[in-house]
Amino acid sequence: LIMTEVGYGWLWRHIHGVGASLVFLIIYIHMFTGIYYGSYKRGRELIWISGMLLFVLFSAEAFSGYMLPWGQMSYWAGMVITNLFSGGSLEAYGLVEWIRGDYVPAQAFLTRFFMLHVFLMPLMIIGAIVFHFGTLRIPHVNNQEGEDFDYAEAAELYKAGKVKESKVIPFSPVFLSKDVFVMGVYFVLFFYLVFYNFSFAMDPVNFDPANGLSTPAHIYPEWYFLWSYEILRPFSKDIGLILFAISQVIFFTLPFLDRSPNVAPASRRGLFKYWFWILLVDCLILTFMGKLPPTDPTFASIGLVSAVIFFALWIALPIITKLEKKL
């Protein structure tokens, strides 16, 4: 409808789809950069937890918005995800019908998710962003070498002319010029995707109107949810539901599972260095496998092994970080 009855509707649609994908790309880069530099340890726990809360809220915002085009993939993705809440003892409470407002995704379902997407979730995200920025005022600032220092004291040293001793630099022009450059690169990529390669953010199956009587050959979410979807897929419904829920919150536990006394880049942290790169590669494999049909036994086996490795990494984290010696 927006393509035919709204001025420049095609442009708004492409900007919305590409923008959502790039937002999650930035979030994932931000998350793994924080993990690499240990920006969740020794006084920074609240910063990390509030950031992960933002990730969960953005995920809820994206999922609620994905339902609104009411295409085939939207409909069946909503059907599959809400069916997760029928696992185990949850089925007795009629939780699925309560979420949908009906026995199947229909008008009530759309109305609820529309209000979530355009009203409730944006307000919660704005509040979480304010809280996340507020946590940055907490002491324990560190640089990329993991050195702790008092920001206010370092700023006073810089003002006094002791530049080498201060360990800080002014926002302008150093940080400002870097940010302007990064924004320039971002917008070049953004508008290239909007005008020339927007299809990566729009599934062709979703161009077909929702039809509850015809199931797509392969149901999958947007690319930024594929890693957690692949964790869910190899297991039975009840076990898959539990593992899916754990995968959504396990990053919250990172400050408490990392038992090392060191706040330093992963490159200087022994076994943690290998843990980080294995986690990153494993998440990429899960994302790639989540888009492929589960009918191929080879792909299914790779997905299962990757899901097991994902959880094994988190179980091993307290052990390998406890073995680290203080730098």
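Here, each number is a calculation from the coordinates, and none is a lab measurement. Remember, it's a predicted structure, so these values are computed and weren't measured experimentally. We place every Cβ from the backbone using ideal geometry, glycine too, and count neighbours over all the protein chains shown.
Classify the range 220-327 from the C-alpha gyration tensor, please: rounded if a/c falls under 1.5, else prolate or oblate depending on whether a/b exceeds b/c.
Verdict is prolate for the range 220-327.
Using Cα-Cα distances under 8 Å and only pairs 6 or more residues apart, what relative contact order does the range 176-327 have, in percent?
It comes to 29 percent, rounded to a whole number.
Taking the beta-carbon count within 10 Å as an exposure proxy, list 22, 123 from fewest neighbours to most.
Ordered from fewest to most neighbouring Cβ atoms within 10 Å, 22, 123 come out as 123, 22.
For the Cα atoms of the chain, what angle does the longest principal axis make with the long axis of helix 72-83, in degrees from 0 to 90, nearest 10?
So the inclination is approximately 70 degrees.
Normalised by the empirical 2.2 N^0.38 Å for globular proteins, what value does the Cα Rg of the range 1-100 take?
Expressed relative to 2.2 N^0.38 Å, the Cα Rg reads 1.44.
Filter the trypsin sites (Lys or Arg not before Pro) in the range 189-285 to those in DSSP coil with at most 16 other Cβ atoms within 10 Å of their Cβ, and list the result.
259
Please state the relative contact order of the chain as a whole percent: Cα pairs under 8 Å, 6+ residues apart?
Worked out over the chain, it gives 24 percent.
Quick one: net charge of residue 307's neighbours, Cβ under 10 Å, K/R +1, D/E -1?
-1
Can you give me the orientation-averaged projected area of the convex hull built on the Cα atoms of the chain, in nm²?
For the chain, the mean projected area of the Cα convex hull comes to 19.9 nm².
In whole Å, how far is the Cα centre of the range 269-304 from that of the range 182-252?
16
Find out how many positive minus negative residues lie around residue 17, taking Lys and Arg as positive, Asp and Glu as negative, among other residues whose Cβ is under 15 Å from that of residue 17.
-2
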